[in-house]
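Trainee: Quick one: the structure is below, questions incoming.
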Amino acid sequence: MPEVVMTCDWTMMSDHNGKEFLGFGTTTPAYILPERAYQRMFYPVMATDEHGFPKMAPYGMRKIEAALLDDGIDARIVHPSHLDKYMPGPAKVLMISGHDYFGLNPPSSTFSGVMKKEPLNCVNFKRMLRQPHVQAARRQGMKLIAGGPCAWQLSPATRMKVPWIGEFVDSIGGIDCVVEGEADVYVRELVRKALRDEFLPPHVVLAPKEAPKVEQISTIRYPSVNGLIEIGRGCCRGCSFCSVTTRPTRWYPLEKIEAELKINAAVGVKKGLLHSDDVYFYGSPNVMPKEEKLLPLLKLAKQHYAQVGWSHVAVASLMTKPKLLSKCAEIIVDDKQSWWGVEVGVETGSPRIITTGMPGKVAPFKASQWPELVVQAAGLMNDNHVYPACTFIVGLPQETEDDVLKTIELIDNLWDFKAILVPMFFVPLGHLKSKDWFRKDRLSPVQEELLKRALTHGLRQSKTLLREFFDWETNHRVAYRAGFRGFVSFIQLLAKMNGLWSEPRHPPVKIQDPNLTPDRLPVPTIPVRE
């Protein structure tokens, strides 16, 4: 029986019906339909064995689990519905993780701000820690350690800005230690201290220089949700609003990646995601993709998975070597896979915002070329069977009305592309963490129009994409497609009835900049840590 139990809430401990993108549905409140309907659509219950160990678990948690096991610590991930098997009782330490504990991250903060209701991830996180057996174990002295990408939500600074978080933490008996940052190495001694009942620091922030080297990062022992595996960490583009860019870039060697592919494939995982902040420049020491690195990676992934997706890619990366994407498609698209998805951070349509807040995002191009780059990248992706989810930030501290108008214009120029556009309220992270959240009550009429335009585009394109979205397998395909199509149609009807439907007033302008000549641009060298 493990002494150290790791868990997360139900919205994360799910395979999201085999579609990672459906996990975004857990960032919305239960609106119109009952919560159980949302669970069935977006976070169905994960299967477990007799010990309560899940068939698959979130990848980041699998990394920490592996680090502890490699250090000889008896630790396992347990489904939140099976915590009563270990507490109160043998478990001496409970470790919790999450992507968005309190719904403060984008897009949760956007949906909850607009609908004035707590998102499902927040509701389920609170529910998990309020379970009677968890509370009983806390009263008997079990240590509680929190981490993960949203650990900053439990920091003293965040609690001052959002007082109700502190009230909730006090109501569950407090949290012994909160860890921010890459804790692969640090967590080992921290947990040993907890097992020895020694003092734990209340809040730890691990600096970028403390990020582990590749050889210090453990290989997962058990399968990850939807076959997601990491190919590297960090980003060199330096966007001011992002915390990932503060960490050094490190790429995993193919043998390390293959070891994790095999872990998933061994239990029958056939579909998986390659994860980094820009899959396209895997193995590159700068902002120019390396074909000789990327293509072998994709071939390796297809040896183990029938279907392969990417977590993220950057617009500028795609446009530096556009022909490379067609070579990627030749590897990925086959008789078992007709398309793949990826998240793309567009953020804005304003070259001025690019210049002031994210100049590295467009490198090696010019900020003035940003709108043209985005439109051409969208066409490039669709031509190669890639359907992106494009994120936009609403309410950046330096944003003006003219910047918002330029973003609306860009959305209009993306109108007929197969893509999902996701507007998100600004959240203070990275170099802008001292700023304040953007909230619904600050929305200007122009920003409201941007949200309406993005919603209209998303509902319009969703019906088109659903035809292909559920082609991955025949089991329940028709039922799922019909169910989601009905849900989208209902939301579309509500949007029109409530004046939230907004289409472009003029036909989109086809943009083609003859000055985009990436092959002749100078390549800045950005150090990459091995």
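The values are calculated or read from the model by the stated rules, or taken from the named source; none is laboratory data. Computed from a predicted model, the values in this text were never measured in an experiment. All Cβ positions, even for glycine, are placed from backbone atoms using ideal geometry, and neighbour counts span all protein chains on display.
Trainee: Do we find that E347 is acidic (D, E) and in contact with a helix residue (DSSP H, G or I) (Cβ under 7 Å, 6 or more places away or on another chain) in this structure?
Mentor: no
Trainee: Also, I was wondering about something else. Identify, by number, the condition in (1) touching a residue at least 24 places away in the same chain (Cβ under 8 Å); (2) part of a helix (DSSP H, G or I); (3) within 11 Å of A316 (Cβ to Cβ) that G379 doesn't meet.
Mentor: Condition (3) is where G379 drops out.
Trainee: Can you give me the number of residues within region 224-241 that are more than 21 Å from P289 (Cα to Cα), part of a loop (DSSP other than H, G, I, E, B) and either out of contact with any Leu (no Cβ under 9 Å at 6 or more places or on another chain) or at pLDDT 70 or above (or both)?
Mentor: 1
Trainee: Looking only at residues in region 205-216 that are buried (at least 17 other Cβ atoms within 10 Å of the Cβ) and not small (G, A, S), which one is farthest from L68 (Cα to Cα)?
Mentor: Restricting to residues being buried (at least 17 other Cβ atoms within 10 Å of the Cβ) and not small (G, A, S), the top hit is L206.
Trainee: With (1) part of a strand (DSSP E or B); (2) touching a helix residue (DSSP H, G or I) at 6+ places or on another chain (Cβ under 6 Å); (3) of a type in the set (A, V, I, L, M, F, W, C) as the list, and L324 as the residue in question, which single condition is left unmet?
Mentor: L324 satisfies every listed condition except (1).
Trainee: Filter region 112-121 down to residues that are buried (at least 23 other Cβ atoms within 10 Å of the Cβ) and over 12 Å from W10 (Cβ atoms) and give me whichever is modelled with the lowest pLDDT.
Mentor: Step by step, filter region 112-121, then rank; the result is S112.
Trainee: Now, a different point. If E399 passes every condition in (1) in a loop (DSSP other than H, G, I, E, B); (2) of a type in the set (D, E, K, R); (3) closer than 20 Å to V308 by Cβ but one, which one does it miss?
Mentor: Result: E399 fails condition (3) only.
Trainee: I've got another one for you. If you go through region 340-354, how many residues are closer than 18 Å to L228 by Cα and either charged (D, E, K, R) or touching an Asp or Glu at 6+ places or on another chain (Cβ under 6 Å) (or both)?
Mentor: Residues in region 340-354 being closer than 18 Å to L228 by Cα and either charged (D, E, K, R) or touching an Asp or Glu at 6+ places or on another chain (Cβ under 6 Å) (or both): 1 in total.
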